[in-house]
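Written out below as structure tokens is the structure these notes cover.
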Amino acid sequence: MRNEKNVHEKTAAESKSIGFDYQYYFFLYELLQIKEGQSVGYEVKDDVHIEMRDGKQTLIQLKHSINSQSTLSEKDGDLWKTISNWIEMITDSASNRSVPSSQYKFIDNTHFLLVTNKAYSKKNEFLSKISLLKENIISVDSLKEYLIKLGTPKEGKGESQVDKYIRNLYSMDDEWVEKFIKKLDFCLSKDELFELINTRLKEKNIPERRIEHVFHAVDSSLRKMIYEEVKARRKVTINFDEYYKKFTHYFDLGRIKKLPISLYRPKDPVPDSSETFTSIRQLIDSEILDKRDEDYEDELVSIFTSKMMLLNNIEQWVQDSEITVEEKMRFNDNSKKMWETIHKKYHSKLKRKLRKVNIEDLDMEEILESASQCYYDVLGLNLTIDETELDPILSNGQFYVLSDEPSIGWLIDWKERYKENE
């Protein structure tokens, strides 16, 4: 029997998952404000990095705490591990930075930024010391004295990992420490990334009612791109030209008058009681559908997929105030009028005969053929709603919905057959 995860394991898993999402959405946030000549990378040089046209760069570390009340303490593990990682990066001999001159050049060209949802704490003297050094109020000697004291274990206690990280900083020479600290920044209490992303989309003149749709389109496209790049063992770095080419289309969709169409397809659209639906009964009675046909199940999938996609889009448009209830009713009326014209076209001959005989006396083959011609001609129509032309899938879905009500039918006597039973 599998053991249940304990509280620590569950918390660790949740923290790791949220940490990945925090990192990804900050990458998306930065990507949405990329400028000409810049590029943004994801897990390449750092969690996120930004390269400028002039060769300068910003390295960004993202740290997320699932404790919403958490503050950044002066001996915070995430804080000092991040600084230690940057020290190792700056002094990396494999990157030809084993001597101070090359290290100083790297520092001069780099902005080091720690982003976290942890809040500022007045007790964090390290942040205060950094500000004072940047303003030249204290000397680097004073800062290092503070760091040595901070990283010295209390009497009777061994050196902790955080103490070792602190030692990594104060063991560097004075010029090195001063240069690094003056290029070090913190972005605290950065938690509402979705609000920040939405603000970026508003700044691109996306109407508020369309922001959610554009966000999901960009998010889906970006996640897919990252997956494909990582799978192909390529680095995820997007420059401005690539960004403009790949994502401008989604911003345009948010600004144009056309309705945003969801292309989501239900996985299992066919209900168990499919033959109880009036639309299906009409097609079976017209012998357009027949269980004996090899493609019978495929036809059911196509019919119910079209129907559900149309209903889902209509519902979302009304909910998002993209269309009014009155516009929906007008769309239904126009659809029925288009069906009516075609139905009359293929049943006019039969109607003339019915003036002289009963329907039982009509040729059944002729009845079925007229219904079939009517059905396939109607399916060839492309409908329009609120100046947006619907594709064949959604257009067909509308007629399946109407034949379910039933407001339309295919046989000459569809009203008598189905409306009386409703």
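So what is the relative contact order of the stretch 7-249, in percent, for Cα pairs below 8 Å that sit 6 or more residues apart?
Working: 284 pairs, mean separation 61.2, N = 243.
Relative contact order for the stretch 7-249 comes out at 25 percent.
Rounded to the nearest 5, what is the percent of antiparallel bridges among the DSSP beta bridges in the chain?
In the chain, DSSP labels about 55 percent of beta bridges as antiparallel.
With a/c under 1.5 counting as rounded, go ahead and sort the stretch 215-343 into rounded, prolate or oblate using the C-alpha gyration tensor (a ≥ b ≥ c being the square roots of the eigenvalues; past the cut-off, prolate if a/b is larger than b/c, else oblate).
oblate
What is the spin-label model distance, in nm, from residue 288 to residue 102 if the labels are put 7 Å beyond Cα along the C-beta direction?
Spacing of the two 7 Å Cα→Cβ label points: 7.4 nm.
What ranking of 390, 381 emerges when the number of other C-beta atoms within 10 Å of each C-beta is taken as an exposure proxy, fewest first? Kindly include the intermediate steps, with their values, before the conclusion.
Values: 390 21, 381 18.
Fewest to most other Cβ atoms nearby, the residues stand as 381, 390.
For an R0 of 35 angstrom, estimate the FRET efficiency from the Cβ-Cβ distance between residue 209 and residue 242 and round to the nearest 0.05.
On the way: r = 29 Å, r/R0 = 0.82.
Calculated value: 0.75.
Which value, in Å to one decimal place, does the Kirkwood hydrodynamic radius take for the stretch 274-419 when every pair of different Cα atoms is included?
Numbers: mean 1/r = 0.0621 Å⁻¹.
One decimal place: 16.1 Å for the Kirkwood radius.
Per residue Cα convex hull volume for the chain, in cubic angstrom? List each step's numbers first, then the result.
Working: hull volume 98.3 nm³, N = 422.
With only Cα atoms used, the chain gives 233 Å³ per residue.
By how many degrees, 0 to 90 and rounded to 10, does the Cα axis of helix 392-404 deviate from the longest principal axis of the chain?
Result, in degrees: 50.
Would you mind putting 245-251, 412-418, 300-306 in packing order, based on average other-beta-carbon counts within 10 Å, highest first?
Values: 245-251: 15.3, 412-418: 16.9, 300-306: 19.6.
Per-residue mean Cβ counts within 10 Å order the peptides as 300-306, 412-418, 245-251.
Over the stretch 47-92, what is the relative contact order in percent, taking alpha-carbon pairs closer than 8 angstrom and at least six residues apart? Let's see the in-between values first.
Working: 20 pairs, mean separation 11.1, N = 46.
Rounded, it is 24 percent for the stretch 47-92.
Please report the spacing between the Cα centers of the stretch 333-362 and the stretch 272-314 in Å, no decimals.
Their Cα centres are 23 Å away from one another.
Positive end of the charge dipole of the chain (Lys, Arg +1 and Asp, Glu -1 on Cβ, about the Cα centre): tell me which of 309, 112, 399 has its Cα farthest that way.
Towards the positive end, the residue furthest out is 112.
Distance from the Cα centre of the stretch 24-87 to that of the stretch 95-131, in angstrom?
Distance between centres, Cα-based: 12 Å.
As a footprinting exposure proxy, order 71, 116 by other Cβ within 10 Å, with the fewest listed first.
On the way: 71 16, 116 23.
Exposure proxy ranking, most exposed first: 71, 116.
Residue 221 to residue 355: FRET efficiency via 1/(1 + (r/R0)^6), r the Cβ-Cβ distance, R0 56 Å, to the nearest 0.05? The partial results should precede the final answer.
Numbers: r = 60 Å, r/R0 = 1.07.
FRET efficiency, residue 221 to residue 355: 0.40.
Give, rounded to the nearest 20 debye, the magnitude of the charge dipole that the chain has about its Cα centre when Lys and Arg contribute +1 at Cβ and Asp and Glu contribute -1 at Cβ. Mind dumping the intermediate values first?
Working: 65 positive and 77 negative charges, 311 e Å.
So the dipole magnitude of the chain works out to roughly 1500 debye.
Any number yet on Rg/Rh for the stretch 7-249, C-alpha, Kirkwood?
Values: Rg = 19.7 Å, Rh = 19.8 Å.
Computed over Cα atoms, the ratio is 0.99.
Could you sort the peptides 317-326, 153-162 by per-residue average Cβ neighbour count (10 Å cutoff), highest mean leading? Display every interim value, and only then the final one.
Numbers: 317-326: 13.5, 153-162: 9.8.
In decreasing order of mean packing, 317-326, 153-162 become 317-326, 153-162.
Order these peptides, 32-40, 369-377, by their mean beta-carbon neighbour count within 10 angstrom, highest first. Write down the numbers at each step before the final one.
On the way: 32-40: 16.2, 369-377: 19.0.
Ranked from most to least packed, the peptides come out as 369-377, 32-40.
Over 22 Å between Cα atoms: which of 129/157; 63/123; 56/118; 204/258 fall into that group? Could the numbers behind the result be given before it?
Numbers: 129/157 26 Å; 63/123 20 Å; 56/118 28 Å; 204/258 17 Å.
Violating the 22 Å limit, Cα to Cα: 129/157; 56/118.
Computed from the coordinates by the stated procedures, all read-outs in this text should not be read as laboratory data. Not measured: the values here are computed from a predicted model. Cβ sites come from the backbone with ideal geometry, for glycine too, and all protein chains shown count toward neighbours.
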